[in-house]
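Everything below concerns the one structure shown next.
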Amino acid sequence: MNSTIQAVTDRIIARSKNSRKAYLEKIEKARRQGPHRGVLSCGNLAHGFAACNSSDKADLRSMTKANIAITSAYNDMLSAHQPYETYPQIIKQAIAEVGSVAQFAGGVPAMCDGITQGNPGMDLSLMSRDVIALSTAVGLSHNMFDGSLALGICDKIVPGLLIGSLAFGHLPTVFVPAGPMPSGIPNKEKARVRQAYVEGKATREELLEAESSSYHTAGTCTFYGTANSNQLVVEVMGLHLPGSSFVNPGTPLRDALTKAAAKQVTRLTDLGGNYMPIGHIVDAKAIVNGLVALLATGGSTNHTMHLVAVAKAAGYTINWDDFSEISKVVPLLTHIYPNGSADINHFVAAGGMALLFKELLGAGLLHNDVNTICGRGLEQYTKEPVLIDGELQWREGTDKSLDPEVIATCAAPFKPDGGLALLQGNLGRGVMKTSALRANKTKIVAPAVVFEDQFDLDKAFNAGELNKDCIVVVRFQGPKAIGMPELHRLTPPLGVLQDRGFNVALVTDGRMSGASGKVPAAIHVTPEAYNGGLLAKVKDGDMIELDAQTGTLQLLVDEQELAARDNVLAQIDHHLVGMGRELFAGMRSELTGAEQGACSLFATQEQVG
């Protein structure tokens, strides 16, 4: 085992000793109490199975058959989640075939950052994760269930389902993916048209045609953003069936995997001899494995918040120092857009998850002594699913990359580190995704150009005011301010400036996430400007230093001058009302800082111990 990975794991375990102990005691108590349908009054139980058929009613009355909860993020506006429309019936039939019962416990919201970015709804995006966790808990709170199936894919949805499921950590839980859409136009071409549009060299119709040719059918977007990072991390943590993350929807193999996932959860319930609840799978080693895989593939920076919150839900405290230390010893093994030109389907064709597991296990970068939904250890995950004469089987995956431009080896990686840098200095702490940066773009010292709102940058860009070396500061975008929206609309104009030969970078207390690309960006800066961060004192022309190599995030202004400056007051009222944002004022006020997971769910829990 790599000594740094082991040391970080040991530190997390020691740091979290008391909180993990309390968590395990909580879920053991819930296990002993069991599903309450066994002690429900006749009226309560009748409500619980009133809509079931006569056979399912008899099974649920007998208390000898498992009842599996289905929690789904289905909606047919999101391409990634549209395939889930048919899953409940597939799942119910598969579970009936093994003599158990499944009930649809509840739906959770599923919003798409790709639709809302640059629009008012984006201010709700991060908070939707906590709403999803709460919705999951509401569905499971009827306590009718022996196990759980979680159906979700994108951005905040999988982390929310994970947090909610971990609150019911005594229940065996299997996550069920739906898969990416087939490849459309190359991501590189899509990015080219986007940038051309910003420069006025492409029409809106040409832009829409390019976007429509990229996002063209049911399934997850094919670039390696948060959605596909979610799937990869959850599989490495042992919560998916091996190789199931990236099988295209609407295929016989996809349907076979869905049925197999449904049957697998029935084997893990407390009614049999192989009890394995999610709270015993998601431990410190599984969390570290998730971090390793995320960094080895240049995954979404959103997980610098999401995995912190997920770990907290399981009784662990992790921080950005843990991410940083792991990143230094984990090599970058994949080139998937925006870190390269390939998409997630190319990753699968090059060897996919089975090969990734082999490389990381072979280099001693993954803990193998872990629980999974398939048993102890990760050897099963070095295999890939196939249909042979209509029967689902797993065969040994390839031992070498079938496309070295997409998947590299630990011996000869694309980069020696995981592509995530922790930055810190008087401006606070932030993270920078470096996996997509060119070698000479990891350090910049330049004057600040300050914006209080992301939309103001467009005006300055169009007026030619940014045609210079500069570090763009976009502040008052943090969790407590406006809910920490993603700022992807900033990427095309900043990319144009970089291509014009200017040294540019971004500093923000907002998010850029998995689609962060070639422009150096210090993101998730904490403390945020709205909550006392020094970002609130930065003025136009102030020199700022960003250096991913030394981990520097420094405002180069004399301390005495800074002490004499007043914080700029946030002018954010227009972000707080409309599109439902006023309903989230209470949740926004409870959000922790980015490094603490930007989460509203644990403050009260900590206050009561």
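So who's got an amide H within less than 5 Å of the one on Gly510, skipping anything under 5 residues away but keeping other chains? H placed 1.01 Å off N, in plane. The answer is Gln477, His524, Val525.
Compute the length gained on full extension between Asp403 and Lys539: take 0.36 nm times their separation in residues and subtract their Cα-Cα distance, giving the result in nm to one decimal.
Working: separation 136, 0.36 × 136 = 48.96 nm, distance 4.79 nm.
That pair, Asp403 and Lys539, stretches by 44.2 nm at full extension.
In the distance distribution for the chain, Cα-Cα pairs more than 44 Å apart total 16 percent.
For Val445 and Lys328, a Förster radius of 25 Å and the Cβ-Cβ distance give a FRET efficiency of 0.60, rounded to the nearest 0.05. Determine the distance separating the Cα centre of segment 253-312 from the Cα centre of segment 140-172; give it in Å without decimals. With segment 253-312 and segment 140-172 each reduced to a Cα centre, they are spaced 11 Å. Its relative contact order, with pairs defined as Cα atoms under 8 Å and 6+ residues apart, puts the chain at 14 percent.
Taking the convex hull of the alpha carbon atoms in segment 337-403, what volume per residue do you get, in Å³? Kindly include the intermediate steps, with their values, before the conclusion.
Numbers: hull volume 7.8 nm³, N = 67.
Expressed per residue, the convex hull around the Cα atoms of segment 337-403 is 117 Å³.
The label point for Ala7 and the one for Glu559, both projected 7 Å from the Cα toward the Cβ, are 2.9 nm apart. In the structure shown, do any of Lys190/Lys441; Lys26/Lys480; Lys29/Lys285; Lys443/Lys468; Lys188/Lys285; Lys201/Lys518 have a Cα-Cα gap over 26 Å, and if so which? Lys26/Lys480; Lys188/Lys285, as the Cα separations exceed 26 Å there.
Placing pseudo-labels 7 Å out from each Cα toward the beta carbon at Asp469 and Ile90 gives an inter-label distance of 5.5 nm. Over the chain, DSSP H runs of length four or greater, each weighted -39,500 (n - 2.57), average out per residue to a 222 nm ellipticity of -11000 deg cm²/dmol. Remark: the Val568-Ile185 segment gains 133.4 nm on full extension, using 0.36 nm per residue and subtracting the alpha carbon distance. If you plug the beta carbon distance of Leu576 and Ser141 into 1/(1 + (r/R0)^6) with R0 = 30 Å, you get a FRET efficiency near 0.45.
Shape summary of segment 420-596, radius of gyration then Dmax from alpha carbon positions: 15.4, 45 Å. 3J(HN,Hα) along segment 192-206: 4, 5, 4, 5, 4, 5, 4, 7, x, 9, 9, 7, 4, 5, 5 Hz, from the Karplus curve 6.51 cos²θ - 1.76 cosθ + 1.60 with θ = phi - 60°, whole Hz, x for Gly and Pro. Within the shell defined by Cβ-Cβ distances under 11 Å, the residues around Gly351 carry a net charge of -2, with Lys and Arg each +1 and Asp and Glu each -1.
Whole-Hz Karplus values for segment 237-243 come out as 7, x, 9, 10, 5, x, x Hz, taken residue by residue from phi with 6.51 cos²θ - 1.76 cosθ + 1.60 and θ = phi - 60°; glycine and proline positions read x. Length, then width, then depth: along the principal axes, the Cα atoms of segment 62-208 run 69, 31, 19 Å. Remark: C-alpha extents of segment 246-372 on the principal axes read 44, 38, 27 Å, sorted largest to smallest. For segment 399-465, the alpha carbon positions stretch 52, 31, 20 Å along the principal axes, listed from largest to smallest.
Go ahead and run the numbers for FRET between Ser212 and Ala22, Cβ-Cβ distance against an R0 of 35 Å, rounding to 0.05. Between Ser212 and Ala22 the formula returns 0.10. Axis angle, to the nearest 10 degrees, between helix 352-362 and the longest C-alpha principal axis of the chain: 80 degrees. Inter-label distance, Ala349 to Arg31: 4.5 nm, where each label sits 7 Å from its Cα along the C-beta direction. Between helix 252-266 and the chain there is an angle of about 60 degrees, using the helix long axis and the longest principal axis of the Cα atoms.
Could you give the size of the charge dipole of the chain about its Cα centre, using +1 on the Cβ of each K and R and -1 on the Cβ of each D and E, expressed in debye and rounded to the nearest 20? Walk me through the numbers before you get to the answer.
Values: 53 positive and 61 negative charges, 258 e Å.
Around 1240 debye, computed over the chain.
Calculation over all alpha carbon pairs of segment 423-508 in 5 angstrom steps from 0 returns a P(r) of 3, 12, 23, 28, 19, 12, 2, 0 percent. A straight line joining the Cα centroids of segment 111-135 and segment 435-460 runs 25 Å.
Quick one: net charge of Lys259's neighbours, Cβ under 12 Å, K/R +1, D/E -1?
Numbers: positive: Lys92, Arg254, Lys263; negative: Glu97, Asp255, Glu391.
For residues surrounding Lys259, the net value is 0.
A protection proxy built from the mean count of other Cβ atoms within 10 Å ranks the segments 203-211, 164-172, most packed first, as 164-172, 203-211.
For segment 469-609, give me the percentage of DSSP beta bridges that are antiparallel, rounded to the nearest 5 percent.
35 percent
Within the straight-line cut-off of under 16 Å between alpha carbons, the lysines reachable from Lys259 are Lys92, sequence neighbours fewer than 8 places apart in one chain being disregarded. Computed from backbone phi, the HN-Hα couplings of segment 87-98 come to 5, x, 5, 4, 5, 4, 5, 5, 6, 5, 5, 9 Hz, rounded to whole numbers (Karplus: 6.51 cos²θ - 1.76 cosθ + 1.60, θ = phi - 60°; Gly and Pro given as x). Amide H contacts under 5 Å for Thr372: Gly377, restricted to partners 5 or more places along the chain or on a different chain, H placed in the peptide plane at 1.01 Å from N. From largest to smallest, the equivalent ellipsoid semi-axes obtained for segment 123-261 from the alpha-carbon gyration tensor read 34, 18, 11 Å. Measuring nothing but how far apart in sequence close Cα pairs (under 8 Å, 6+ apart) lie, relative to its length, segment 420-596 scores a relative contact order of 30 percent.
Every number in this text was worked out from the coordinates using simple rules, so none of it is lab data. For clarity, every value in this text was computed on a predicted model and none was experimentally measured. As a convention, Cβ positions derive from the backbone with ideal geometry for all residues, glycine included, and neighbour counts pool all protein chains shown.
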